[in-house]
2 protein chains.
Amino acid sequence: MAENLVQARVDALRRLTRRRATKPLKKAVDKCSSADVAEAVAHLTRPETLFLFDRLSDDVAGDVMLALRESDLQFVTGEIPLERLTLWLEAMEPDDEADLVARLPEGLRERLLSRLEAAEREDVEELLAWPEDSAGGIMSPVAFRVHENTTCREAIDAFQEQADVEMVFYLYVENDQDQLVGVTSLRNLLINAPSTHLREFMAADVMAVTPETDQEQVARLAARYDLLAVPVVDEAHKLLGIVTIDDVLDVIAEEAAEDMMVMAGVSEGADPYGESAIEAVRSRARWLLVTLVAGVVMAEVINLFEGTLAQNAMLAGFIPVVMGLSGNVGIQAATITVRNLATGHVSAGEGVAELLWKEGRAGILMGLGFGLLLMAWGTLRFPGWQVGGAVGASIGLALIGAAVLGAVIPLVLDRFGIDPAVATGPFVTTLVDLIAIAVYFTVCTTLFGF
Amino acid sequence: MAENLVQARVDALRRLTRRRATKPLKKAVDKCSSADVAEAVAHLTRPETLFLFDRLSDDVAGDVMLALRESDLQFVTGEIPLERLTLWLEAMEPDDEADLVARLPEGLRERLLSRLEAAEREDVEELLAWPEDSAGGIMSPVAFRVHENTTCREAIDAFQEQADVEMVFYLYVENDQDQLVGVTSLRNLLINAPSTHLREFMAADVMAVTPETDQEQVARLAARYDLLAVPVVDEAHKLLGIVTIDDVLDVIAEEAAEDMMVMAGVSEGADPYGESAIEAVRSRARWLLVTLVAGVVMAEVINLFEGTLAQNAMLAGFIPVVMGLSGNVGIQAATITVRNLATGHVSAGEGVAELLWKEGRAGILMGLGFGLLLMAWGTLRFPGWQVGGAVGASIGLALIGAAVLGAVIPLVLDRFGIDPAVATGPFVTTLVDLIAIAVYFTVCTTLFGF
């Protein structure tokens, strides 16, 4: 039902734009989110897109632009006159404005910024100065601030005057030095007596971050303490802005998408949606090159055993199963470890021993189990105990190694300040494959005398 | 800073519990979220855990229990008397209460439910009846409801009386038939004149879901429309409850973690944190068995070419690089496709052709590039054009096939109503590996006449 509702809204926008039905189109846009309109644009021709943008009111056009795909955004900013773009920008929240400006080509960015009012330009430029993935980069400087000696009645009055502040959940309470000293909610203004001072019932223990804080940490904090907004303060504990829950949602979704790209061995900068075939190749080639180099090394390792292979060609047949199982076990252990690190279940030495001990035992169980299975199959398929024995023993050893390595590598990366998620990608599979192949042929020649 | 703050709170709880410092401990707990307390418990001994729980107030103990790891929860529910557990349950929000009850062993669940008041038990049992991952399974039946003819003044009065309703963001407006007809916010109550009726300014176009809606869809809706709560209605459009933003955050994080588990080939039910080695093996064995079977098939395929291999043992050396590159390319294409499906960039036939065309071209580029690289290396390493030619040509073909298959499989799964994310796991790697090996040996024997 919900999905259909979204689809119906997007479809209505497309249909009405194609029909050039201005009035119903404007009505339909009112019901839609900027994401709906942007999704409709993705399916419109260029003249239709311009028709639609001409019908958008100035206060929604900017948000729609922010939601557009890269290619649509380029087209729209190239066609719409600078004066209108400026109007659209000015109607946006400063944090969204900064996000949009950051996506524009440099020339256009400069021209647009120079047209903004000095105060607004300063706001945007200050926001642009913070790293994109920091609290400063995603915060909005607009927050509802009140002095600690304000009464409930006064605060409500002030609120009624400042009604343009969007998404107000909390009132940030400041002292004479403009330092953030407390926080309270609209709800508390209503349930306390009108003459009460805010400092009497505000929560004085404010959870705040600095603008340099990583956006992922901000998101985790908001989730952990069920906050609708996280205040950002400077060294003097003055309020710089707030990160609101809608941005927190975006961060969590973005970071999850990034983790998946890392696991798939696609570079960070990749855009899964709008990129061209060449951009796609560029974002994927790095890990493929690593795989290629590792593959060449494995080929050389196997070539060391050319004599063995020439006499026992069927040994080559087990290469895929040795690689497949080890790679898989390594990735499983790495992913579990990365999850434990990401959620704080394992950190800074704590819980490490338990985790390694568990993964080690799991590796031994899997090594025994799959080793015995493959030994049985090898023995049935190639009479005599040698083939089955060699395959079983090497799989057993390789899986134990894969489980332990898979768990250790993310811990080591984390200790050295490298994002441990890298370990869930081709890195671990490739390393584990290499070791598994070496183990397999060593066991074949030395233990079983092929 | 933010992370240190969390760590400091958790550490304080541990230290104060160890010191048996009741008063400061109670104060520290007040500043902490239930997640903080649960994290502290994970590092406490059993007597310390009981000491801490004895100092928790009845209205936070239930939430802390909900945040506990499985093993800690089992211990606590086994030690705390039934009367106290009942008190703790009764103080929880009904949706959290249902979540906690669902995690208890059946015997204890029955005994606890039978002690609750009839109305509360009914609430919990109704919530438990919905699937865990549906809107019904995560909604809270507590919402702020008002009739459409209510005035702002009356609504504020009603709100001041019902102050125990937690996390109020929206007022849900009902008509004479108790149907949900509109929604408005606390903010609107304050900025409209006290005598205005809600129906005059409420948003009549309410985005609602049914209790059967998948929790992931609810989360996507909340993110898309920046909603702090999504109302859940029955067929008659009567309000059953709301899904609040804190639950939406949990859903997004949970689904992201699940996606990672799927990519790593770990079963859905896996608990990355508390599970034992045997449980770990059980959750990982399914895909390993698939890999094993595929590996056995590949061994048989390779054995078909035993004659070729016996005479040209160095051909075996290229098996890892053929498998490694193809598997990697397949996973990259599959992950990009799954992201496009998950975000709605590709859906129900739309955008499919563009995506396949892009992946096909990317596959051709990667096939050509890596084919030529390997051909060059093969020719240098093994004089004559045959080895290089065979390896280059087969890698080229295999990578094109891997890219196309990687993109096609998630689309096919999606069409048949299967979660396409499955394609980002060992399924695609294994299938692509198998095809790549078959291509490699076929090219070696038929085209290059080894």
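The values are calculated or read from the model by the stated rules, or taken from the named source; none is laboratory data. Worth saying up front: this structure is predicted, and the values here are computed from it rather than measured. Glycine gets a Cβ as well: all are built from the backbone with ideal geometry, and neighbour counts include every protein chain shown. Calculation scope for accessible area: heavy atoms of the full protein, side chains included, ligands and nucleic acids excluded. Shrake-Rupley method; radii C 1.70, N 1.55, O 1.52, S 1.80 Å.
Scanning the range B:211-237 for residues that are more than 19 Å from the chain's Cα centre (by Cα), at the interface with another protein chain (Cβ under 10 Å from one of its Cβ atoms) and assigned to a loop (DSSP other than H, G, I, E, B) returns B:225, B:226, B:227, B:228. Filtered by the rule that a residue be closer than 17 Å to residue A:326 by Cα, open to solvent by 10 Å² or more (accessible area, probe 1.4 Å) and within 11 Å of another protein chain (Cβ to nearest Cβ), the range A:371-396 gives a lone residue, A:373.
Among the residues of the range A:246-285, those that are of a type in the set (D, E, K, R), within 16 Å of residue B:342 (Cβ to Cβ) and either touching a Cys at 6+ places or on another chain (Cβ under 7 Å) or more than 7 Å from chain B (Cβ to nearest Cβ) (or both) comprise A:250, A:254, A:255, A:258, A:271. The residues in the range B:334-345 that are assigned to a helix (DSSP H, G or I) and either open to solvent by 30 Å² or more (accessible area, probe 1.4 Å) or at the interface with chain A (Cβ under 9 Å from one of its Cβ atoms) (or both) can be counted, and the count is 8. Here is the figure for the range A:47-60: residues that are touching a Leu at 6+ places or on another chain (Cβ under 8 Å) and open to solvent by less than 20 Å² (accessible area, probe 1.4 Å) total 1. Residues satisfying the criterion are present in the range A:16-25 (criterion: under 29 Å from residue B:235 (Cα atoms) and open to solvent by 20 Å² or more (accessible area, probe 1.4 Å)). Among the residues of the range B:295-318, those that are more than 7 Å from chain A (Cβ to nearest Cβ) and in a helix (DSSP H, G or I) comprise B:297, B:300, B:301, B:304, B:307, B:308, B:311, B:315. Looking only at the range B:316-329, residues that are more than 14 Å from residue B:394 (Cβ to Cβ) and either open to solvent by 10 Å² or more (accessible area, probe 1.4 Å) or in contact with a Leu (Cβ under 6 Å, 6 or more places away or on another chain) (or both) come to 1 in all.
Across the range A:218-244, the qualifying residues are those that are touching a helix residue (DSSP H, G or I) at 6+ places or on another chain (Cβ under 6 Å), closer than 20 Å to residue B:34 by Cα and in contact (Cβ under 8 Å) with a residue 40 or more places away in the chain, and the one among them that is surrounded by the fewest Cβ atoms within 10 Å (Cβ to Cβ) is A:228.
The numbered conditions (1) farther than 30 Å from residue A:317 by Cβ; (2) of a type in the set (Val, Ile, Thr); (3) at the interface with chain A (Cβ under 8 Å from one of its Cβ atoms) are all true for residue B:329 except (1). Quick one: what pairs do we get from the range B:28-55, first residue aromatic (Phe, Trp, Tyr), second in a loop (DSSP other than H, G, I, E, B), C-beta under 7 Å, 6+ apart or different chains? What qualifies is B:51/B:20; B:53/B:80.
Of the numbered conditions (1) over 26 Å from residue B:284 (Cα atoms); (2) surrounded by fewer than 17 Cβ atoms within 10 Å (Cβ to Cβ), residue A:350 fails exactly one; give the number of that condition. Residue A:350 satisfies all of (1) over 26 Å from residue B:284 (Cα atoms); (2) surrounded by fewer than 17 Cβ atoms within 10 Å (Cβ to Cβ) except (1). Right, residue A:293: within 30 Å of residue A:360 (Cβ to Cβ) and out of contact with any Gly (no Cβ under 6 Å at 6 or more places or on another chain) or not? Here the answer is yes, as residue A:293 does meet what is asked. Cβ separations smaller than 9 Å between residues 6+ apart or across chains give no pair from the range A:5-27 residues that are closer than 19 Å to residue B:209 by Cβ to residues that are open to solvent by 60 Å² or more (accessible area, probe 1.4 Å) and of a type in the set (Ser, Thr, Tyr).
Among the residues of the range A:402-450, write down those that are within 22 Å of the chain's Cα centre (by Cα), not aromatic (Phe, Trp, Tyr) and not in a helix (DSSP H, G or I). Across the range A:402-450, the qualifying residues are A:417, A:418, A:419, A:425.
Within the range B:378-386, identify whether any single residue is hydrophobic (A, V, I, L, M, F, W, C), more than 25 Å from residue B:261 (Cα to Cα) and in a helix (DSSP H, G or I), and answer yes or no. Scanning the range B:378-386 turns up at least one residue that is hydrophobic (A, V, I, L, M, F, W, C), more than 25 Å from residue B:261 (Cα to Cα) and in a helix (DSSP H, G or I).
From the list B:399, B:368, the lone residue that is open to solvent by less than 10 Å² (accessible area, probe 1.4 Å), under 24 Å from residue B:433 (Cβ atoms) and assigned to a helix (DSSP H, G or I) is B:399. Among residues of the range B:152-202 being within 14 Å of chain A (Cβ to nearest Cβ) and of a type in the set (D, E, K, R), the one that is nearest to residue A:169 (Cα to Cα) is B:187.
Residue A:271 falls short of the stated requirement of being closer than 30 Å to residue A:154 by Cβ, open to solvent by 10 Å² or more (accessible area, probe 1.4 Å), in contact with a helix residue (DSSP H, G or I) (Cβ under 8 Å, 6 or more places away or on another chain) and acidic (Asp, Glu).
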